[in-house]
Structures are given as C-alpha cells and as structure tokens.
Amino acid sequence: MPQSSRIVIVGLGLIGGSLAAALRQAKVGQQGDDCVILACDPDAGEIRRGMDMGLIDNGSTCMGDVLDAATLVVLAVPVLAMSSVMKALAGYLSRMAPDVVITDVGSTKATIREAAIEAFGELPERLVLGHPIAGSEKSGVAASNPDLYRDHKVILTPEQDTDEKAQRLVETMWRMTGAEVLYMGVERHDQVLARTSHLPHLLAFSLVDTLARQDERLEIFRYAAGGFRDFTRIAGSDPVMWRDIFQANRDAVLDALDDFENGLAVLREAVIQGDSDGMLATFDRARHARHYFESLLNQTSYQAEYQMQETAKLRYRVAPGGSVTGRIRVPGDKSISHRSIMLGALSEGVTEVSGFLEGEDSLATLQAFREMGVAIEGPHQGRVTIHGVGMRGLKKPAGPLYVGNAGTAMRLFAGLLAGQEFDTELTGDTSLTRRPMGRVADPLRLMGAVIETSEGGRPPLKIKGEQRLNGITYDMPMASAQVKSCLLLAGMYADGETRVREPAPTRDHTERMLNGFGYPVEREGDTCWLRGGGKLVAAPIDVPSDISSATFFLVAAAITPGSDLLLEHVGINPTRIGVINILKAMGADLQLENLREVGGEPVADLHIRYAPLKGIDIPQDQVPLAIDEFPALFIAAANAQGTTRLRGAEELRVKESDRLQSMADGMTIIGIDNTLYDDGIDIVGKGGEGANYGGGRVDSHEDHRIAMAFTIAGLRASAPIEIDDCANVATSFPTFVELTQKVGLSLEEVRYD
Ligand code: S3P
C-alpha cells in the first residue's frame, strides 16, 4: 500500500472483515507502517469486535466519522444496500483525499454500476468495481479469515475511462491478500457469475427446500449421504444476501436457468426412455468436464491441469552415463489413438479400443467428441469404449473445440467438421497456434468448405456447417499424412470421389482403419481415393506401441555401450519404419522378433543391443517414413563415427517447434558439431566409446520430442544435461520419465519458475 494510506471499509461483515484481516496479515498498519484501516458499519457491536480482533484501527457507525482524508474506500455492503451507501458517500466526497479511489466487492456488477451513476451523476473515474470470488456460509466479522482470498480469483470490471492508477491500487490491494486478479467487462462478469455461482445457489436452496417440505423429511435427512451434503452445502448461505443477488442479476440468472431447464428436460426424457447412451453421454461429458475444469477454463494443454496448479515449469536433469537394459512396453501409437476415437465416434455400433494412448494429444481428441455428444467410456488403463453416433450423429459443441498441442487433431478435425451440419471453431495452445493450417484449409475450400483461418493460415479455424462438399483430385504439395487424412475424412461427406496423390509415401493408418471400419479406400501407386456417402461400422482396435516413442529407447540403447533392450509390441507399419532402416544403415544391432499382425497393423518386438554407429547420408525416401524420429536420430548421429547428412526435411521446420533449429541450438550448446541448412542438417559425430560431447542447459521449445531427444543424449555426455520446458512430453509419452529410469538412465524432474 502507498505510504500513509487511509483505507476505509464500509460494511464490516465476513467479506470486509476478512479483507482487513488479510491486509493486517500483509503487515498493513502494523509496526513500522503508517497506513490505517478504518471501518464503518451500522452495527456498533461489529465495529467493537473488529477493533478487539485487531483488524481495524478505528471505526464508527457513521460514515462521516471515518471518511476524512480517506485514500481508499472499499464498499463491502450487500448488493442492494450499495445504492444508498453510494449516495451517502457522494455527500462526503469533498472530505476525502482528492485522489481517493473507491472500489466494491458486490457479486453483481451492472446494477452497482447503475447505482454509482445515479449516486455520483456519472461513473467516477477512480471507481474500480470488483468482485472477490470467495465467501463462506458463515457471516459477521467474527468469522473473518485472513486467508479467505488466498488463491481465489478477484474480478475487476473497469470501464474504458477508469483511471489506470486507481486500477493498479485496487489490484495491489487484492494481490496483498494472496488473490489472483482478473479483468472482465461488467456484462460478461454478470453472465459468468449467473452460471457459475448464482444458478448453483438457486438450485441448492430449491432442492433443500423441496426435500424439507416433504412429510417424511426426518427420515430423508437421516439417510442423507455425501451426495446431499456436497450438493447442498451452499444452501446454508445468507438468505438476504442471495435474495439481493437474484434481484440484482435477474436477467442473467433467468438465462442461465433456461439453459439448465433445457438440459434437465433432455435428461428427464433420457430417463423416461431408458436411453442408456444418452445418459452415459451426458454423465461422462460432465464427469470429464468437471475433472478438467481448470484446464478447460484456462485453455492450456488438456491434461496439464496437474502441472498448471503449480505455475512452475518442468525441467529434466540427466546425469551422464548409465546403460540401457531390460524389457519395456512404450504407450500406444498416437496417430492410431486419434483415429480410433474419430472413426469409432462416427461409426454405427460400439467400438472397443485397447492400448489407447492416454497422452494429452489423444485425450484432447476424445474430449472434443464428448463435447459433440458422443458417449465415451474410459480411458481405463488404455481401454476406451466409444458409443458411435453414425456419420450424421455429431451434435454442435457448446463452444470452441480446444485440441491443445495436437496438430493431428486439428488437421483431421478440419476435414470431418467441414462436412457437418453445424458451425465449429478449432483452437489450440500457443505452439499449435503458430502452425500452418492453410495446407488443409486450401484444399478443403476447393471441395466447397467454408473455413476462416487467422493471418497466415494459422489457427483458430472457423468452419461453417451445412456446406455441400464435392470430391476433388488433389496433388499434395508436401508429403503429409495429416493433409491426406483430412481430405479423406472430408471426402466421406462429399459428392463423388476424393482422390489424393502424395509426393512420397506417408503413414497410411487412416486408409487401413477406414477399410477396417468397412469404408472402402482404394489405392493405386501414389494415389488413394474414396467415394462419399458411405458409412462406418464399429470394429475393435488394438493400438500397438508407438514406434515414435520407442525410437528414444532404440537410440538410447544403440549409442550406449553395454546396452541390451527389448521393446514389446511395437507397430512396424511399413510407412513408419524409417527409423529402423536408418539405424540399421548406421550399423545398429537391431532385430525384429515375434512378427505378427494385430487389427490390420504389423507389430513386432524390437531387440536392440549396442554396436558402434557410423554417419550416413540419409536416403531421401526414408525422410517421410521417419519424420517424427529425427530429433532422436540426430542424437544417434552425434554418437556415430563421421558425418550424417539430412536433406529434403523442410517439414521439420513446421512441427511442434522448428525441429531443425531447436535441435541445432541445443546440440551447439552441448558441443555437438553441426551445420544447419534450410531443409536439413549435417551432424559430425566423434564415434568414441566415452563421452562424445559436454553438458549444459538446452531449451525444448515446448516440443516433446526435442525434450526426449536431449534426455537420451545424456547417456553419452561428459556432464549433466538440463532440458527446460518439458511438460509437453505428456502430450505423447506420459510415462517417459518412469520408463527411462526403469531402463537405467538417471533422470530427475525439477520444477522451476
Ligand atoms: C501424423 C502425421 C505426421 C506426423 C504427426 C502425426 C498423423 O505429420 O508428424 O506426428 O497422425 O497423421 P504430417 O502429416 O504433417 O507429416
């Protein structure tokens, strides 16, 4: 607080008293601080209690006694008392400091703004309306709690011409209580609060009242269990205060109530009809929305709510040395996991998935379908049950679909949403927001889709529904499975045939899986096609382990003397095995054992032992087949004898980060000799059996594969390697740390600001 502040709290109840207590706790008006905290309240007993508790220096039942030279006035009276209090305050303005700042704590803002205009003749520039979102069923100054606002949100709703200094002062005051300060417009505040606070209170009051009026109430309450207690706790709140709030925020509450009643009517019908899928869809969606509430609200990557609770970032610290031994199974394939949800949701019947990747990316896809009305059970240890709604059964989601860090989700969704009857918006995290979407929006527009992108073809994507799509023949300018898949998915909704030619083979999971779900996709040479208007029939999916995740362990074992590792059940689809071909060409001792086929995808156990590697020129035809594996392969190259040359890999520049640049920067820091090109890199490896480079701190650029690549580099470094910003490893490989420790790396996780 500025020196010599005179803070006057008008209304010394729970809210005003807790503010005083929190400011005291932050040393305001304590020894060595010349600020004073004063209060006025019509109840002399409350003032006395406040002084006895040491919360205020002085107080009065009359406003005029405490307002002289006031620098900050906080109105902490009930909402409907605000008008008369402001009118009284207006009469004392001349006695307060010339730059006095006024704020309030009311739960509704539009009526208080009106009251202020009426009282002061106009909205004072130094009036900053605010609302701390904290409270308790208790009331009165005796219940004051210095920690009531800690880690709670305070919403300030200044107008355009509200004085900036005044805003900063009010913000500072709330920050001193430990609260987080947010800004919002008045109308938005009232709508948001009507839904998140006022409606639940109305329901709780109503439910308890309804039950309490029933004759057998004693019986009912005797058996009332946790559900009743959880749902109705807030029915113990102050009735007068809530009556005022419902009067003050009438329209917004009625809107919220309408929505609620509509939702309830749908559920009622589902109960009447015994509509098990309908109920499951609603409950499951609600359960997950509840669980991920924080991350949904904050729009960070999907499961990152756990990391988000602490704002700290995640750093890996890898000690040098160690060997890589044992037998492990890495999580399910990301590409197949995304597609299993997409095709399962659009199918007729129930799709059972096993081995599903419970990483943030594929969970974002799953959540998006829940938001479009699909009942999905799980995931429970990789098992997901999808109750398909058929090609035309998706429902308009309530808001934008947020897909986190997942480029695959955004691009494939673009195709299938272009064919729906409703409008949608696709958004993602900051990394995804930088990635090019023109590559899918442009050909979709050729098919007749209406899609808006941000500048430079970046997300968000706004996709218009009810468009008639036509099949096209498209010559892809880049080898991209995401673009191909996007167009095939849109093609299912288009008239005629959609044909896609790829300049080089790219992963073919979409084609295989569509065929597996009974939707014929043909291929001849470099072109695949399908005809619109077909349907999908549910089919079980066994997701193999992701070869892209297995790669980090393949390279770890390949570069570390003494290593012997078995990776179980890895998908070895021919369009994904560039890494196997490249490592073998470099001299790796890698065997494919127990080859078999599961659910239309070839699978094997990969057995790798250490053998000295040599640098190679990476064959062009292997580049699209190993596109996600290059960060790890660069570390293999850094430990090989001689130079490894990669060209024709400009696609690496538009992945979760610019992977050529991110890897070159990190390698330079730890002393790996490299030369960067527009479309590739040369890496010079020392090929020795000891340390091949030093340690240092590198940045993952929030890219999961960069983080994991530098982790395995630690095995052959002479000093520890630290990698910043590793939280996104959870997008594709949530068990990475656990498995690296299991096979013998010394990896530690550190939280930092
Ligand atoms: C993917 C295709 C590839 C790959 C990505 C997953 C897919 O992207 O890098 O991790 O599931 O279709 P491009 O299609 O952009 O090459």
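The values are calculated or read from the model by the stated rules, or taken from the named source; none is laboratory data. None of the values given here were measured: they were computed from a predicted structure. Note: ideal-geometry Cβ built from the backbone for every residue, glycine included; neighbour counts use all protein chains shown.
Within the stretch 398-413, which residues are part of a loop (DSSP other than H, G, I, E, B), hydrophobic (A, V, I, L, M, F, W, C) and either at positive phi or surrounded by 24 or more Cβ atoms within 10 Å (Cβ to Cβ) (or both)?
Let us first name the residues in the stretch 398-413 that are part of a loop (DSSP other than H, G, I, E, B), namely 398-400, 403-406.
Still in the list and also hydrophobic (A, V, I, L, M, F, W, C): 398, 403, 406.
403, 406 - these are the residues of the stretch 398-413 that are part of a loop (DSSP other than H, G, I, E, B), hydrophobic (A, V, I, L, M, F, W, C) and either at positive phi or surrounded by 24 or more Cβ atoms within 10 Å (Cβ to Cβ) (or both).
Restricting attention to strands (runs of 3 or more DSSP E) lying wholly within the stretch 414-523, give those where 2 or more residues are away from the ligand (no atom under 16 Å from the Cβ).
Because the criterion is at least 2 residues that are away from the ligand (no atom under 16 Å from the Cβ), the strands (runs of 3 or more DSSP E) in the stretch 414-523 that meet it are 424-427, 451-454, 458-463, 497-501.
Taking the stretch 667-723 only, how many residues are surrounded by 22 or more Cβ atoms within 10 Å (Cβ to Cβ) and not small (Gly, Ala, Ser)? I'd like the intermediate steps shown before the answer.
At the first step, the residues of the stretch 667-723 found to be surrounded by 22 or more Cβ atoms within 10 Å (Cβ to Cβ) are 667, 672, 681, 683, 685, 692-693, 698, 700, 702-717, 721, 723.
If we keep only those that are not small (Gly, Ala, Ser) too, we end up with 667, 672, 681, 683, 692-693, 698, 702-706, 708, 710-712, 715-716, 721, 723.
Number of matching residues: 20.
Filter the stretch 166-214 down to residues that are in a helix (DSSP H, G or I), loosely packed, with under 14 Cβ neighbours inside 10 Å and more than 30 Å from the chain's Cα centre (by Cα), then give me how many there are.
Looking only at that region, the number is 5.
Within the stretch 429-437, does at least one residue satisfy the condition of being crowded, with 17+ Cβ neighbours inside 10 Å, polar (S, T, N, Q) and at pLDDT 95 or above?
No, every residue in the stretch 429-437 fails to be crowded, with 17+ Cβ neighbours inside 10 Å, polar (S, T, N, Q) and at pLDDT 95 or above.
In this structure, does residue 646 turn out to be surrounded by fewer than 17 Cβ atoms within 10 Å (Cβ to Cβ) and over 25 Å from the mean Cα position of the chain (by Cα)? Walk me through how you get there before you give the answer.
Details: surrounded by fewer than 17 Cβ atoms within 10 Å (Cβ to Cβ): no; over 25 Å from the mean Cα position of the chain (by Cα): yes.
Here the answer is no, as residue 646 does not meet what is asked.
Test of understanding: among 393, 344, 428, 378, which residue is in contact (Cβ under 8 Å) with a residue 60 or more places away in the chain and assigned by TED's automatic domain parsing to the domain that holds residue 445? If you could, list the steps in order and put the result at the bottom.
Details: 393 fails: in contact (Cβ under 8 Å) with a residue 60 or more places away in the chain; 428 fails: in contact (Cβ under 8 Å) with a residue 60 or more places away in the chain; 378 fails: in contact (Cβ under 8 Å) with a residue 60 or more places away in the chain.
Exactly one residue qualifies, and that residue is 344.
Can you name the strands (runs of 3 or more DSSP E) wholly within the stretch 311-379 that have at least 3 residues being more than 22 Å from residue 283 (Cα to Cα)?
Working: elements: 313-319, 325-328, 350-354.
Correct list: 313-319, 325-328.
Do the conditions hold for residue 559, that is, is it crowded, with 17+ Cβ neighbours inside 10 Å and under 22 Å from residue 713 (Cα atoms)? Steps first, please.
Values: crowded, with 17+ Cβ neighbours inside 10 Å: yes; under 22 Å from residue 713 (Cα atoms): yes.
So residue 559 fits the description; yes.
Failed condition for residue 599, given (1) away from the ligand (no atom under 16 Å from the Cβ); (2) at pLDDT 95 or above, with all others met?
(2)
Residue by residue, here is whether (1) in contact (Cβ under 8 Å) with a residue 60 or more places away in the chain; (2) assigned to a loop (DSSP other than H, G, I, E, B); (3) under 18 Å from residue 690 (Cβ atoms) holds:
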| site | (1), (2), (3) |
| --- | --- |
| 707 | yes, no, no |
| 711 | yes, no, no |
| 714 | yes, no, yes |
| 719 | yes, yes, yes |
| 723 | yes, no, no |
| 747 | yes, no, no |
| 751 | yes, no, no |
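Name the residues in the stretch 287-328 that are at pLDDT 85 or above and either among the aromatic types (Phe, Trp, Tyr) or within 30 Å of residue 483 (Cα to Cα) (or both), would you? Show your work before the answer.
Just the residues of the stretch 287-328 that are at pLDDT 85 or above, to begin with: 313-328.
Result: 316, single match.
Every residue in the stretch 352-366 that is surrounded by fewer than 24 Cβ atoms within 10 Å (Cβ to Cβ) and either out of contact with any strand residue (DSSP E or B) (no Cβ under 6 Å at 6 or more places or on another chain) or polar (S, T, N, Q) (or both), please.
Looking only at the stretch 352-366, we keep the residues that are surrounded by fewer than 24 Cβ atoms within 10 Å (Cβ to Cβ), and these are 352, 354, 358.
Answer for the stretch 352-366, where residues must be surrounded by fewer than 24 Cβ atoms within 10 Å (Cβ to Cβ) and either out of contact with any strand residue (DSSP E or B) (no Cβ under 6 Å at 6 or more places or on another chain) or polar (S, T, N, Q) (or both): just 354.
Within the set of pairs 6 or more residues apart or between chains, which connect a residue that is farther than 12 Å from residue 628 by Cα inside the stretch 648-659 to a residue that is within 11 Å of the ligand (Cβ to nearest atom) and β-branched (Val, Ile, Thr) with Cβ atoms less than 9 Å apart?
Every condition considered, the pairs that remain are 648/623.
Would you mind listing the strands (runs of 3 or more DSSP E) fully within the stretch 635-699 where at least 1 residues are more than 15 Å from residue 709 (Cα to Cα), more than 16 Å from the ligand (Cβ to nearest atom) and among the aromatic types (Phe, Trp, Tyr)?
Numbers: elements: 642-646, 673-677, 680-685, 696-699.
By residue number, 673-677.
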